[in-house]
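To start, the structure under review is shown below, and the notes come after it.
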Amino acid sequence: MKTGKYILLAAVIGLSLNSCELLLPDDIINPNVSDETFLNSANAMQAWVNGANRSFAEAIGNYCELMEILSDNYYNNYSRSSQVFDIPRILYTDTDVTSLQRHIGTLREAADYGIGTVAEADASTTRNNLFNLYYIKAFSFILGGEYFRGLPDTEGGEIKTWNEYLHTALAVLDSTWAYADTDEEKAFVRTLKARTYYRLGDKENAVSEALASLALSPDFVKQVEFDGTNGVNNPIQEAVWDTWFQPLPRLDFLDPKYFQTAATEQRPINLAKAEENYLILAEACLADQNEAQAKSYMQQLLALVKSRPIQQDVNDQLEERFNGGYKHYPDNSGYSVAASEGEPFRTGLVLDRQAPHLIAIPYISGTSVTEDWIDGTSGIDELLTLLYLMRQEIFFGEGRRVADLGIRMPVCEVEAANTPSAADYLEALIPPFIPSDYGMDDFTMDEETQQVTITYNMNRIIVENKSSEYVAPFFH
């Protein structure tokens, strides 16, 4: 991905980095505008940042769409989007793998060009412009480190492991911090660092960053915005609002996180939020065998989640939990759900959606966990299972679950053809405890008793395998 001779349309109005169309200073599209013309135009940096933000939004939306069906959160019950990630089957020849990898390179290159070339040319560049570009670059390395086994970190470069990618993300976040001016911006950076240290299994630094973030802002939320009026749409919104995807029945009450109340409305996606810091702190306490402090953090977390906004009166009456798909899902509040065979059936997880019912949806964070449930749970494994349920519910629809399951994608075919060191990274990493043949999405439903039993409680399976190299990074 080269910027080369021409300014790419991606960085100006956010389309593909392979586009050859360019904008003149008077905003007339012209395929022959040079770098010099663009760099000498008015507000070059702001135009570049706007385009980088559009590319970033599209990347995050695509990651959320595909990672949600790769996890146990959603099943693709329709004929669009990936038909194999649900299995899960992840091949290096899959065009979705190529697309996801390309997003990472696109974001990195767009950020670097803005931070270097455009900033040098445009004296009106602001600290906020640079903050924006640095966090996009940092996010490109976080995405690579959380979702891939390894990737090149320069055009035509050799493969860097996921660990190396995350360490680079930390270095870029240090640069981002230098341009963070508000407490919310600083809390955002600290949370991304806590997230990165968490995935690396660095408990001490993860806890330090989480505490620092909460001291700056105990309830911040950072989102990526979309623009339905100008065609910058949220990919996962189409999938969940138009009923391609169906949620695991125990998560029904959280769907659709990306609803639509007006024709052009495109809901934002959460990039980071204060909840993550409490989750990290509680897990660190459990790793230290400190149940009491873990419960305290979980209760603080629950209070924060309960303070988050809820969209009332969402009309989801077209949702029939089937809609011509492959299998039926529970469709009314009479159903109770067990997390796996032998576990208790819980009510309140499935909503009434058919007329005349309207539904209420939490769109920052939601959870089915209660104060009494936390207080009544004892033992490290039981509390950790409950904590991972909270992680699953709080990050629902945000593309985060795959990393918790330990699944990593391979290097794509295009990269493999040009990078000798890619040969060791052509197979996906799917931990041996991940069910095959659509098992993560499987359940049985008795329509007479209105009871649903999930086949695999993946939170319990994560905890059962916490000492493995794949999951629960503070426990190995």
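The values are calculated or read from the model by the stated rules, or taken from the named source; none is laboratory data. Please read these numbers as outputs of a predicted model, since none were measured by experiment. Cβ: placed from backbone, ideal geometry, glycine included. Neighbour counts: every protein chain shown. With ligands, DNA and RNA removed, areas are computed over all heavy atoms of the protein, side chains included. Shrake-Rupley method; radii C 1.70, N 1.55, O 1.52, S 1.80 Å.
Can you give me the C-alpha center-to-center distance between segment 447-466 and segment 235-273, rounded to a whole angstrom?
What the calculation gives is 23 Å, centre to centre.
How would segment 59-127 be classified by its alpha-carbon gyration tensor: rounded, prolate or oblate, with rounded meaning a/c under 1.5 and the a/b versus b/c comparison settling the rest?
Prolate, since a/c reaches 1.5 and a/b exceeds b/c.
Charges only on Cβ, +1 for Lys and Arg, -1 for Asp and Glu: so what's the dipole of segment 335-474 about the Cα centre, in debye to the nearest 20?
Roughly 380 debye for segment 335-474.
If you rank Val305, Val207 by how much accessible surface each has, with a 1.4 Å probe, what is the order from largest down?
From most exposed to least exposed: Val207, Val305.
What is the percent carbon and sulfur in the accessible area of the chain, measuring with a 1.4 Å probe over the protein chains and ignoring ligands?
Carbon and sulfur together cover 46 percent of it.
By what distance, in whole Å, do the Cα atoms of segment 362-476 stretch along each of the three principal axes, largest value first?
Answer, in whole Å and largest first: 55, 38, 30 Å.
Averaged per residue, what accessible surface does segment 333-476 expose to a 1.4 Å probe, in Å²?
Accessible surface, normalised per residue, equals 41 Å².
May I ask you to list the lysines whose Cα is less than 22 Å away from that of Lys160, ignoring any residue fewer than eight positions away on the same chain?
Lys2, Lys137, Lys193
In what order, largest first, do Phe443, Phe259 sit by accessible area if the probe radius is 1.4 Å?
Listed by decreasing accessible area, they come as Phe443, Phe259.
Local charge sum around Asp437 (other residues, Cβ-Cβ under 15 Å, Lys/Arg +1, Asp/Glu -1)?
Around Asp437, the surrounding residues sum to -2.
5 Å is the cut-off here: which amide hydrogens, built 1.01 Å from N in the peptide plane, fall below it relative to Phe148, excluding neighbours closer than 5 in sequence?
Met409
Beyond 16 Å, what percent of the Cα pairs of segment 102-176 remain?
That fraction is 46 percent.
Compute the long axis of helix 183-200 from its Cα atoms, compare it with the longest principal axis of the Cα atoms of the chain, and write down the angle in degrees, 0 to 90, nearest 10.
70
At a Förster distance of 45 Å, what's the computed FRET efficiency of Asn233 paired with Gln289, Cβ-Cβ distance as r, to 0.05?
It comes to 0.45.
With 13 Å as the cut-off, how large is the P(r) tail for segment 46-92, expressed as percent of Cα-Cα pairs?
Cα-Cα pairs of segment 46-92 separated by over 13 Å account for 61 percent.
When the chain is fully extended, how far beyond the present Cα-Cα distance does Asn323 get from Ser378, taking 0.36 nm per residue of separation?
Using 0.36 nm per residue and subtracting the Cα-Cα distance, I get 15.6 nm.
Give, rounded to the nearest 20 debye, the magnitude of the charge dipole that the chain has about its Cα centre when Lys and Arg contribute +1 at Cβ and Asp and Glu contribute -1 at Cβ.
So the magnitude is around 620 debye.
Let's test the formula: R0 of 56 Å, r as the Cβ-Cβ distance of Glu225 and Glu448. What FRET efficiency results, to the nearest 0.05?
For R0 = 56 Å, the calculated efficiency reads 0.75.
For the charge dipole of segment 359-476, defined by +1 on Lys and Arg C-beta atoms and -1 on Asp and Glu C-beta atoms about the Cα centroid, which residue among Gly399, Met458, Thr419 has the Cα displaced farthest towards the positive pole?
Thr419
Report Rg(Cα)/(2.2 N^0.38 Å) for the chain, keeping two decimals.
So the chain has a normalised radius of gyration of 0.97.
Report the local net charge at Leu130: Lys and Arg +1, Asp and Glu -1, summed over other residues whose C-beta lies under 13 Å from its C-beta.
-3
Could you go through segment 355-362 in sequence order and give the Karplus-derived ³J(HN,Hα) for each residue, using 6.51 cos²θ - 1.76 cosθ + 1.60 with θ = phi - 60°, rounded to whole Hz, and x for Gly and Pro?
Once θ is set to phi - 60°, the couplings for segment 355-362 become 3, x, 6, 10, 10, 10, 10, x Hz.
Using only protein heavy atoms and a 1.4 Å probe, report how much of His476 is accessible, in Å² to the nearest 10.
Answer for His476: close to 110 Å² accessible.
5 Å is the cut-off here: which amide hydrogens, built 1.01 Å from N in the peptide plane, fall below it relative to Ala338, excluding neighbours closer than 5 in sequence?
Arg346, Val452, Thr453, Ile454
Give me the Debye-computed log₁₀ of I(q)/I(0) at q = 0.10, 0.14, 0.15 Å⁻¹ for segment 61-205, equal point scatterers on Cα only, no solvent, two decimals.
Rounded to two decimals, the profile gives -0.40, -0.76, -0.85.
Say the dipole of the chain comes from +1 at the beta carbon of Lys and Arg and -1 at that of Asp and Glu; which of Leu387, Ala171, Gly201 then lies farthest toward its positive end?
It is Ala171, whose Cα lies furthest towards the positive end.
Whose amide H sits under 5 Å from the amide H of Val232, counting only residues 5 or more places off or on another chain, with H placed in the peptide plane?
Amide H to amide H, under 5 Å and 5 or more residues apart or across chains, Val232 pairs with Asp227.
Between Ala417 and Ala355, what's the calculated FRET efficiency when r is the beta-carbon distance and R0 is 41 Å? Round to 0.05.
About 0.15, to the nearest 0.05.
May I ask for the net charge around Gly228, where only other residues with Cβ less than 10 Å from the Cβ of Gly228 are counted and Lys, Arg are +1 while Asp, Glu are -1?
My count for the surroundings of Gly228 gives -1.
Debye calculation, C-alpha points only, no solvent: report log10 I(q)/I(0) for segment 218-276 at q = 0.15, 0.27 Å⁻¹, in the same order as the q values.
Log-scaled intensity ratios, in q order: -0.52, -1.11.
I need the Debye-formula profile for segment 170-241: one equal scatterer per C-alpha, no solvent, reported as log10 I(q)/I(0) at q = 0.16, 0.18, 0.19 1/Å, two decimals.
Listed by q, the Debye log ratios stand at -0.68, -0.76, -0.80.
Measuring with a 1.4 Å probe in the full set of protein chains, what accessible area per residue, in whole Å², belongs to segment 138-269?
34
Please state the charge dipole magnitude for segment 47-179, taken about the Cα centre, from unit charges on C-beta atoms (+1 on K and R, -1 on D and E), reported in debye and rounded to the nearest 20.
Result for segment 47-179 is approximately 120 debye, rounded to the nearest 20.
Mind pulling the angle between the C-alpha long axis of helix 162-177 and the longest principal axis of the chain? Nearest 10 degrees, somewhere in 0 to 90.
70
Scaled to the compact-protein estimate 2.2 N^0.38 Å, what is the alpha-carbon radius of gyration of segment 194-349, rounded to two decimal places?
Ratio of Cα Rg to 2.2 N^0.38 Å: 1.26.
For His476 paired with Asn43, estimate the spin-label separation in nm (one decimal), with each label point 7 Å from Cα along the Cα-to-Cβ line.
About 5.2 nm separates the two model spin labels.
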